[in-house]
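One structure is given here, and the rest of the page talks about it.
The values are calculated or read from the model by the stated rules, or taken from the named source; none is laboratory data. Note that this is a predicted model, so its numbers are computed, not measured. Neighbour counts are summed over all protein chains in view; Cβ atoms, including those assigned to glycine, are modelled from backbone coordinates with ideal geometry.
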Amino acid sequence: MPAMDCEPARKVIHVDMDAFFASVEQRDDPALRGRPVAVGYPAARGVLAAASYEARRFGVRSALPSVTALRRCPELIFVKPRFDVYRAVSRQVHGIFADYTSLIQPLSLDEAYLDVTENLRGLPTAWATAREIRARILEETGLTASAGVSYNKFLAKLASGHRKPNGQFAVTPGMGAAWVEALPVARFHGVGPVTARKMQALGIETGADLRARSMAFLQQHFGKAAGWYYAIARGEDDRPVDPDRTRKSSGSETTFDRDLAEAAEIEAGVLRMADEVWAWCEGARAFGRTVTVKVKFADFQQVTRSRSYPSAVTRHAQLRQASLDLIRSVFPPEKGIRLVGVTVSTFEAPAHGYAGLPLFGSAVGSAEAQASVLAGAS
Ligand code: DCP
Ligand code: CA
Ligand code: CA
């Protein structure tokens with residue numbers, strides 16, 4: 001590392017709840033404990049939001065189509081998601097974090113970065129802080145969490161997955177660079193499935209492979225992301241833990257059981273999504289000026305229609321009407337409609353609370369929904 005020894009190394013913890021939605025369901029229903037549980041709907045085109053560790057042994061995991069999951073594990077028990085409960089747990093966990101630091105950056109309902117360079121409890125190490133936080137989460141919520149401890153966010157997040165479930169792992173400054181070299185790039189934050197495939201085609205499978213490429217090579221193939229890849233291949237990440245980061249949007253979307261062409265049915269779907277988004281807006285006391293309706297057609301072609309108002313949409317009826325007007329602008333649909341979504345953005349007041357994940361539609365946690373979460377959050 002360059003001459004940075006005047007600055008003390010930061011101490012960052014990444015905490016991530018284990019099999020979050022599924023664990024909450026197992027906690028609240030003893031009949032589900034020790035059994036393969038999926039949170040989601042067994043509907044024809046549903047996808048799973050979460051899978052218990054028992055279910056994962058069968059190759060069942062989140063974002064898997066329900067139908068495939070059932071084929072892999074015929075005894076799989078489906079449980080409907082209860083977002084209000086997950087949000088309540090999230091707030092509880094956030095309250096525990098706040099006893100140790102005010103620098104908390106939630107990434108989603110079940111995970112957050114904490115900067116504990118100076119922790120409020122005077123604990124000697126970040127390792128001890130992570131242990132105590134995990135112990136309190138278990139005591140106060142009955143749920144387990146895993147943690148990664150390191151000197152930056154990139155490494156802390158990678159590390160939290162390393163001893164999952166119910167474990168923690170530290171990556172020290174002395175070992176960071178070498179540790180990253182040994183890992184597959186597909187596990188790196190910012191390397192999604194598409195980029196991982198592209199890297200693979202270029203002969204980049206591990207951190208060491210990535211590190212061996214020049215900045216010029218990375219720029220040529222990855223454009224603006226080159227700097228990020230160059231840095232993480234060396235275990236470097238100077239992004240601060242940013243407690244002020246607020247959501248930029250809240251959206252819900254749903255994949256229909258079959259492609260729809262009937263205006264009334266499509267409108268009903270859009271209104272359901274508007275109602276879900278509204279529930280979030282009210283809960284978070286966050287109101288936006290822009291309403292966007294997204295439509296995905298049977299052939300996966302996607303269009304969005306937006307409308308911005310001079311001031312925030314603060315009435316439920318207004319959001320419903322805006323959503324209807326927007327969906328009607330694609331009527332009559334030239335092809336069947338597969339998915340609709342409603343998003344509110346351009347918030348007037350910062351979103352409070354600990355609500356990282358948007359509310360999902362009935363296709364809970366679809367890959368698309370997850371992708372839009374990530375896009376919206378970064
Ligand atoms: N989630 C979702 N849709 C997805 C992925 C996740 O709705 N495609 C929800 C359900 C998960 C929660 O978010 O329980 C947290 O997601 P994680 O990726 O952290 O996965 P889990 O907590 O379920 O498991 P792990 O123990 O691997 O962290
Ligand atoms: Ca998790
Ligand atoms: Ca998570």
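Yes/no per residue for (1) part of a helix (DSSP H, G or I); (2) without any contact (Cβ under 8 Å) to a residue 60 or more places away in the chain:
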position: Gly95; (1), (2): yes, yes
position: Thr101; (1), (2): no, yes
position: Gln105; (1), (2): no, no
position: Leu120; (1), (2): no, yes
position: Pro124; (1), (2): no, yes
position: Leu158; (1), (2): yes, yes
position: Phe169; (1), (2): no, yes
position: Gly190; (1), (2): no, yes
## Note on the structure
Apart from one, (1) within 30 Å of Tyr86 (Cα to Cα); (2) polar (S, T, N, Q); (3) loosely packed, with under 14 Cβ neighbours inside 10 Å all hold for Thr172; the odd one out is (1)
### Message
I want to confirm something. Restricting to region 183-197 and keeping residues that are farther than 15 Å from Phe154 by Cα and of a type in the set (A, V, I, L, M, F, W, C), which single residue is modelled with the highest pLDDT?
### Response
Ala196
### Task
Among residues belonging to region 28-58 that are within 20 Å of Ala88 (Cα to Cα) and assigned to a helix (DSSP H, G or I), point out the one that is nearest to ligand 1 (Cβ to nearest atom).
Asp28
### Query
helices (runs of 4 or more DSSP H) wholly in region 212-312 with at least 1 residues that are over 30 Å from Leu183 (Cβ atoms) - which ones?
263-284
### Query
Is there a residue in region 230-244 that is in contact with a strand residue (DSSP E or B) (Cβ under 6 Å, 6 or more places away or on another chain) and under 15 Å from Ile327 (Cα atoms)?
no
### Task
For Ala63, work out the one condition from (1) more than 30 Å from Leu103 (Cα to Cα); (2) of a type outside the set (Asp, Glu); (3) away from ligand 3 (no atom under 16 Å from the Cβ); (4) out of contact with any Pro (no Cβ under 9 Å at 6 or more places or on another chain) it doesn't fulfil.
(3)
### Summary
Of Ala112, Ala69, the only residue that is more than 16 Å from ligand 3 (Cβ to nearest atom), surrounded by 15 or more Cβ atoms within 10 Å (Cβ to Cβ) and outside any loop (DSSP other than H, G, I, E, B) is Ala69
### Query
Across region 97-124, what is the number of residues that are within 16 Å of ligand 2 (Cβ to nearest atom), among the aromatic types (Phe, Trp, Tyr) and over 22 Å from Trp280 (Cβ atoms)?
1
### Query
Can you name the residue in region 325-335 that is hydrophobic (A, V, I, L, M, F, W, C) and free of Cβ contacts under 8 Å to residues at least 60 places away in the same chain and, of all such residues, is surrounded by the fewest Cβ atoms within 10 Å (Cβ to Cβ)?
Val330
### Task
Kindly establish whether Ser62 is in a loop (DSSP other than H, G, I, E, B), among the small types (Gly, Ala, Ser) and within 13 Å of ligand 2 (Cβ to nearest atom).
yes
### Query
If you take the residues of region 291-324 that are under 18 Å from Ala264 (Cα atoms) and under 24 Å from the mean Cα position of the chain (by Cα), which of them is surrounded by the most Cβ atoms within 10 Å (Cβ to Cβ)?
Val293
### Query
Which ones in region 126-143 are assigned to a loop (DSSP other than H, G, I, E, B), surrounded by fewer than 17 Cβ atoms within 10 Å (Cβ to Cβ) and not small (Gly, Ala, Ser)?
none
#### Entry: Every residue from region 81-96 that is away from ligand 1 (no atom under 16 Å from the Cβ) and surrounded by 14 or more Cβ atoms within 10 Å (Cβ to Cβ)
Ile96
### Task
Output yes when any residue across region 168-175 is within 16 Å of ligand 3 (Cβ to nearest atom), modelled with pLDDT of 95 or more, under 22 Å from the mean Cα position of the chain (by Cα) and of a type outside the set (Phe, Trp, Tyr), and no when none is.
yes
### Query
Quick one: would you say Gly288 is surrounded by fewer than 16 Cβ atoms within 10 Å (Cβ to Cβ) and more than 19 Å from Phe83 (Cβ to Cβ)?
no
